[in-house]
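The next block holds one structure in the form of structure tokens; read it before the comments.
Bear in mind that the values in this text are calculations on the coordinates, not laboratory data. What you see is a predicted model, and the numbers here were worked out from it, not measured in a lab. Positions of Cβ are generated from backbone atoms using ideal geometry, with glycine treated the same way; all protein chains shown enter the neighbour counts.
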Amino acid sequence: MRFDIDRQQAFYGSALGRMTFDMVDKRVAALWPAADGLDVLGIGHAHALLERFRGGARRVISAAPAMQGAERWPADGKGLTTLVEDERLPFPDALFDRIIVCHALEEAESPNRLLREIWRVAAPEARILIIVAHRRGLWARAESTPFGHGRPYTRMQLTRLLENAMFAPQASARALYAPPIDWGIITAAGDAWEKIGRFAWSGFGGVLMIEALKRLYIEPGKAVPAGRVVKVPEKRSFRDRSEKTFK
């Protein structure tokens, strides 16, 4: 069961949630400071991360999984949010130039099929940014937060998942080094925790972020799995089975 929209709103309305958003948003801003003239899509709970692109982008849409629910965004003007099914996004092929996926992949029924559907709606050479709970961080164990639900990932696990979906990972980063505790002494010092964490325990950030590029062909040696392989047992005569059993 997904971490629904009411709980998402309650978390991001808390001091801990605001610190969480600030730390992640700063990483997104450093990677993609603008998207002028581009079509931008957010999947999951990503609308706040899309806010900076509204002024210059040609199109900005926030798509929330139907099982999660969505909040109206933006608060004023024409709504830019829609409910979607993970494996059937209501958009034409090759539309979006930038896609942010946050609080979506971890709880998807099939991460592989979700990524393949994202590949379909991504334009040639589109860039996607996947934001997930980091398996080695403390936040993946904090069930009171959105990052404590679903499947957390290591960098290698997420890299393989993206490659199988025909995306080429370009860069990765970790964020959210503060412990997931809603104490003022922690939430007021988010930037300090980030600076210390990157230096002292860089492999244990609570959030893993990977930017990837849409591939239009399969690189040699990196075939996309076509389906599940089922091995059929070798046929044996009754005599063969009897000799092996009663030897």
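Structure summary
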quantity	calculated
Segment 5-245, dipole about Cα centre (Lys/Arg Cβ +1, Asp/Glu Cβ -1), debye to the nearest 20	940
Segment 65-106: trypsin sites (Lys or Arg not before Pro) falling in loop per DSSP and having at most 11 other Cβ within 10 Å	ARG72, LYS78
Net length gained if the chain between TYR217 and ALA66 were fully extended (0.36 nm per residue, minus Cα distance)	51.2 nm
Relative contact order of segment 31-138, pairs being alpha-carbon contacts under 8 Å that are 6 or more residues apart, as %	26
Spin-label proximity, GLU51 to segment 67-83 - amide N less than 19 Å from point 7 Å beyond Cα toward beta carbon	70-82
Karplus (6.51, -1.76, 1.60) ³J(HN,Hα), θ = phi - 60°, over segment 46-58, in Hz, Gly and Pro reported as x	10, 4, 5, 6, 8, 3, 5, 8, 4, x, x, 5, 6
Among PRO74, PRO65, PRO169: highest mean-square fluctuation, GNM of the chain, C-alpha pairs under 10 Å	PRO74
Candidates ALA165, ALA200, ALA29: whichever shows maximal mean-square fluctuation once the chain is modelled as a Gaussian network with Cα springs under 10 Å	ALA200
Ranked MET67, MET209, MET23, criterion: other C-beta atoms within 10 Å, fewest first	MET67, MET23, MET209
0 to 90° range, to nearest 10: angle between helix 190-200 axis and the chain longest Cα axis	40
Positive-end extreme of charge dipole, segment 5-245 - chosen from THR20, LEU38, ASN164 (charges on Cβ)	ASN164
Structure-derived mean projected area of the Cα convex hull in nm²: which label, when the choices are (1) 40.1; (2) 15.0; (3) 18.8	(3)
Cα-based helix-to-principal-axis angle, 15-31 vs the chain, degrees rounded to 10	80
Pair SER172, ASN112: separation of 7 Å Cα→Cβ label points (nm)	2.0
Antiparallel DSSP beta bridges within the chain, as percent of all bridges there, nearest 5	45
Using a Förster distance of 30 Å, the FRET efficiency for ASP182-THR154 (Cβ separation, nearest 0.05)	0.70
Extended-chain gain in nm, criterion 0.36 nm per residue less alpha-carbon gap, ALA94 and LYS195	32.5 nm
Nearest 10 degrees, 0 to 90: helix 111-121 Cα axis against the chain principal axis	60
